[in-house]
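Notes to accompany the following structure.
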Amino acid sequence: MPMIAFLILFPFAAALVLSFMKRHGTGRKLFIFASCILIVAGVLYFTVDSFVGGGDLSLLPDTKVVDMGMLAAEIGMMGLIVYYGVRFRKYYVALLSVVQTGLIAWLELSGKNEIAGNHIFSDKLTVIMVLIVGIVGCLICVYAVGYMKDYHARHPEFADRRSFFFAMLFVFLGAMFGLIFSSNLTWIYFFWEITSLCSFLLIGYNKTPQAVRNSFRALWMNLLGGLGFAAAIVYAALVLHVNTLQDLVALGGGAIIPVILLAFAGLTKSAQLPFSGWLLGAMVAPTPTSALLHSATMVKAGVYLLIRLAPAMSGNLAGTMVTTIGGFTFLATSMLAISQSDGKKVLAYSTVSNLGLIAACAGVGMHEAVWAGVLLMMFHAVSKSLMFLSVGAVENSIGSRNIEDMHGLIVKLPEMAFVMIVGIAGMFLAPFGMLISKWAALKAFVDSKSILLVVFLIFGSATTLFYWTKWLGKLVAVIHNSERLPNTVKGSEWFSLISQAFLMIGLCISFPLVSTYLVEPFLADMFHETLPAIISSGNLYIMLIMLCAIVILPIAVRFLTFGKKRKIVMSYMGGANAGNDRAFVNSFGEQKPMYLAGWYMEEYFGEKKILKPSLILSTAALLVLMTIAIGGAV
């Protein structure tokens, strides 16, 4: 219990200290590094202690004083949201906040929520989430130290509010730890709303009109989900007389209404269609914000809740709603990513897409699907954080985050290219974890006899080939006479990037152990039965051989070609090369400049073609399925 309290409370305390450290000196940098070291040490201690102690933890049956403190903090957050809503004339945001906070306040003050149950819960899924949030989140904070210095050097027009920025990063971490460890629905809701408020403040960091507009979009969409969460808490307390997530899930189909409302909240937080706009709009924020929102914290809260609800969604309309929205989001946003050349926007659409697949796995509710969803969540957290931070570092180095400008990065910035290649490989190449998890998801979808989900997965996975291969090709395509650029990436950024690259590789190698000692025990407790192996030992050996080949083959090729003269092949573009590899001679004997560019197929997959129809279809499907499910339960 002391370590759980430390992990929840220490980031808030660190944030308070950072908010008063206005000077941008060595002291603040060392404080951030020391705080991250303490958090990671706490995470590792908790993980080891969980294995040594064994079993699940369920603590704190009586917390009236803490509950009143949380209620006061919720009212304070409501006041802040109302202030910003009135100031910027976003009155609907203020209304949403007042309604949901009013519901929770009435329930707490009336005494109708005084139901027996523990407030803290920990199992193997908790350990997995704590590792993701603690390690990946802290590496993002370390990266942010160097990045934000360059960010304000490049953007002197923005007010330097780094003390506020770093404070919000640590508040994020504390809120996520609180959400992960909470069993009581009101506690989960409290930390859930903190993440919504922090994302609003971080997205609007530079205070430009676009940043303000996008921050309010994130706020109202997440508040809408929060309203569903609050309604679920009230219904569960008044009708079902339960107030913990575990007790609610244990009711199964008997708790269909609160499960649907909580699932709706999970879909909004994980930016599923038609709520993906808030996550795409987060791209205006500094890169550490994008990485934190897209990988370790904000969006993972949504899919974490859906995975917890998985047994209660199996075979009912709540599960149908989640699988339909998640599967459709996976396919639609994968196609939208093809048409993007902005690196951060490709990553944003890819994030929404992968979250859709995780949501679909949770909605199926079968142990194979949940296994795939948990593994997807782990690999996605590390890989996508690595990619976002890499794009930010490249942008600081070459002044652009456009994929076209990354042509030949393997020569210009070889170390950065290596890091990005690891991140991209982790997302779609065999035998890296994302692909392995998709195999398991496909098997689960087939076993569930859902033809629609199988179609979504097959075509959605196929479309990912287009944008990842195109990006990977840009990095390794060598332009003759390319010169190496100076390395301007700060030491703190390199530490974070290299650490996450090796973390990605280590996770790919050790995932059978992760599955055996973390994921499978969690599933056995969730489904109350001994489960068969998801991946056979024969397939594991094949994957290990493939991993070894990835390491051995490049070394073997280098050894065989050592000392041999390299053959330079000039590019051919429908005519004779002019000799400088910058122009070619056409059939009329004229020199034409040569430029190689990726094909983004905007006429087929552009936002103007796909986005609006996708929003309309997903909105209609969500409304119809929720109406039918709730109407049938009533």
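The values are calculated or read from the model by the stated rules, or taken from the named source; none is laboratory data. Please read all numbers here as calculations on a predicted model, not as lab measurements. Note: ideal-geometry Cβ built from the backbone for every residue, glycine included; neighbour counts use all protein chains shown. With ligands, DNA and RNA removed, areas are computed over all heavy atoms of the protein, side chains included. Shrake-Rupley method; radii C 1.70, N 1.55, O 1.52, S 1.80 Å.
You will find that of F6, F51, F20, the residue that is under 13 Å from S163 (Cα atoms) and among the hydrophobic types (A, V, I, L, M, F, W, C) is F20 and no other.
Within the set I398, I403, I424, the sole residue that is open to solvent by 10 Å² or more (accessible area, probe 1.4 Å), touching a residue at least 40 places away in the same chain (Cβ under 8 Å) and either within 16 Å of L485 (Cα to Cα) or under 24 Å from the mean Cα position of the chain (by Cα) (or both) turns out to be I398.
Which one of L442, L386 is in a helix (DSSP H, G or I), without any contact (Cβ under 8 Å) to a residue 24 or more places away in the chain and not β-branched (V, I, T)? Write out each step before concluding.
Values: L386 fails: without any contact (Cβ under 8 Å) to a residue 24 or more places away in the chain.
After ruling out the rest, the residue left standing is L442.
Comparison of K90, K29 shows that the only residue that is crowded, with 18+ Cβ neighbours inside 10 Å, charged (D, E, K, R), assigned by TED's automatic domain parsing to the domain that holds F191 and out of contact with any Asp or Glu (no Cβ under 8 Å at 6 or more places or on another chain) is K90.
Set side by side, the residues L131, L95 differ, and just one is surrounded by fewer than 23 Cβ atoms within 10 Å (Cβ to Cβ), without any contact (Cβ under 8 Å) to a residue 12 or more places away in the chain and assigned to a helix (DSSP H, G or I), which is L95.
Scan the range 265-299 for residues that are outside any helix (DSSP H, G or I) and at pLDDT below 90 and jot them down.
Keep residues of the range 265-299 that are outside any helix (DSSP H, G or I), which gives 270-276, 285-286, 297.
Hits for the range 265-299 are A285, P286, T297.
Of all positions in the range 428-439, none carries a residue that is under 29 Å from M594 (Cβ atoms) and of a type in the set (V, I, T). One residue is enough: does the range 429-441 have a residue meeting the conditions in contact with a helix residue (DSSP H, G or I) (Cβ under 9 Å, 6 or more places away or on another chain), at pLDDT 85 or above and open to solvent by 40 Å² or more (accessible area, probe 1.4 Å)? Checked against the condition, which is being in contact with a helix residue (DSSP H, G or I) (Cβ under 9 Å, 6 or more places away or on another chain), at pLDDT 85 or above and open to solvent by 40 Å² or more (accessible area, probe 1.4 Å), the range 429-441 yields no hits at all. Whether any residue in the range 269-281 is open to solvent by 20 Å² or more (accessible area, probe 1.4 Å) and out of contact with any Ser or Thr (no Cβ under 6 Å at 6 or more places or on another chain) is what I want to check. Taking every residue of the range 269-281 in turn, at least one turns out to be open to solvent by 20 Å² or more (accessible area, probe 1.4 Å) and out of contact with any Ser or Thr (no Cβ under 6 Å at 6 or more places or on another chain).
Being open to solvent by less than 10 Å² (accessible area, probe 1.4 Å), part of a helix (DSSP H, G or I) and aromatic (F, W, Y) is a condition met by no residue of the range 250-264. In this structure, does F456 turn out to be in the same structural domain as H380 (by TED's automatic domain parsing), among the aromatic types (F, W, Y), touching a helix residue (DSSP H, G or I) at 6+ places or on another chain (Cβ under 9 Å) and open to solvent by 10 Å² or more (accessible area, probe 1.4 Å)? Here the answer is yes, as F456 does meet what is asked.
Restricting attention to the range 229-248, the residues that are assigned to a helix (DSSP H, G or I) and either open to solvent by 10 Å² or more (accessible area, probe 1.4 Å) or not assigned by TED's automatic domain parsing to the domain that holds T101 (or both) add up to 8. Cβ separations smaller than 9 Å between residues 6+ apart or across chains give the following pairs from the range 156-174 residues that are buried (at least 23 other Cβ atoms within 10 Å of the Cβ) to residues that are in a loop (DSSP other than H, G, I, E, B) and among the polar types (S, T, N, Q): F172/T297; L173/T297. A count restricted to the range 74-92 and to residues that are touching a residue at least 24 places away in the same chain (Cβ under 8 Å), of a type outside the set (D, E, K, R) and under 17 Å from W106 (Cβ atoms) stands at 2.
Under the condition of being of a type in the set (V, I, T) and open to solvent by 10 Å² or more (accessible area, probe 1.4 Å), which residue from the range 315-365 is farthest from M427 (Cα to Cα)?
Of the range 315-365, the ones of a type in the set (V, I, T) are 320, 322-325, 329, 333, 338, 346, 351-352, 358, 364.
Imposing the further condition that a residue be open to solvent by 10 Å² or more (accessible area, probe 1.4 Å) reduces the set to 320, 323-324, 364.
Values: T320: 27, T323: 22, T324: 23, V364: 23 Å.
Checking each candidate, the answer is T320.
Figure legend. Inter-residue proximity from the range 58-73: first residues within 21 Å of V242 (Cβ to Cβ), second residues open to solvent by 70 Å² or more (accessible area, probe 1.4 Å), beta-carbon distance below 6 Å, spacing 6+ or different chains. Indicated pairs: L59/M1. Against the test of being within 19 Å of L331 (Cα to Cα) and modelled with pLDDT of 85 or more, the options G423, G460 yield a single qualifying residue, G460. Could you say which residue among L245, L251, L219, L240 is without any contact (Cβ under 8 Å) to a residue 24 or more places away in the chain and hydrophobic (A, V, I, L, M, F, W, C)? Just one listed residue meets the conditions, L240. Candidates in the range 571-615 are the residues that are in a strand (DSSP E or B) and in contact with a Phe, Trp or Tyr (Cβ under 7 Å, 6 or more places away or on another chain); of these, the one that is least open to solvent (accessible area, probe 1.4 Å) is N577.
Is it the case, given these coordinates, that G315 is at pLDDT below 90 and not in a helix (DSSP H, G or I)? Judged against the criteria, G315 is a match. When V136 is tested against (1) modelled with pLDDT of 95 or more; (2) closer than 30 Å to L518 by Cβ, just one condition goes unmet, and that condition is (1). Among the residues of the range 183-219, those identified as under 24 Å from F10 (Cα atoms), of a type in the set (G, A, S) and either open to solvent by 10 Å² or more (accessible area, probe 1.4 Å) or within 20 Å of the chain's Cα centre (by Cα) (or both) are S196, S199. Out of all the residues in the range 389-437, which are outside any helix (DSSP H, G or I) and of a type outside the set (F, W, Y)? Of everything in the range 389-437, those that are outside any helix (DSSP H, G or I) and of a type outside the set (F, W, Y) turn out to be G399, S400, R401, N402, H407, G408, L413, L429, A430, P431.
Output the number of the condition that L7 fails; it satisfies all remaining conditions of (1) over 30 Å from R213 (Cβ atoms); (2) free of Cβ contacts under 8 Å to residues at least 12 places away in the same chain. That leaves (2) as the condition not met.
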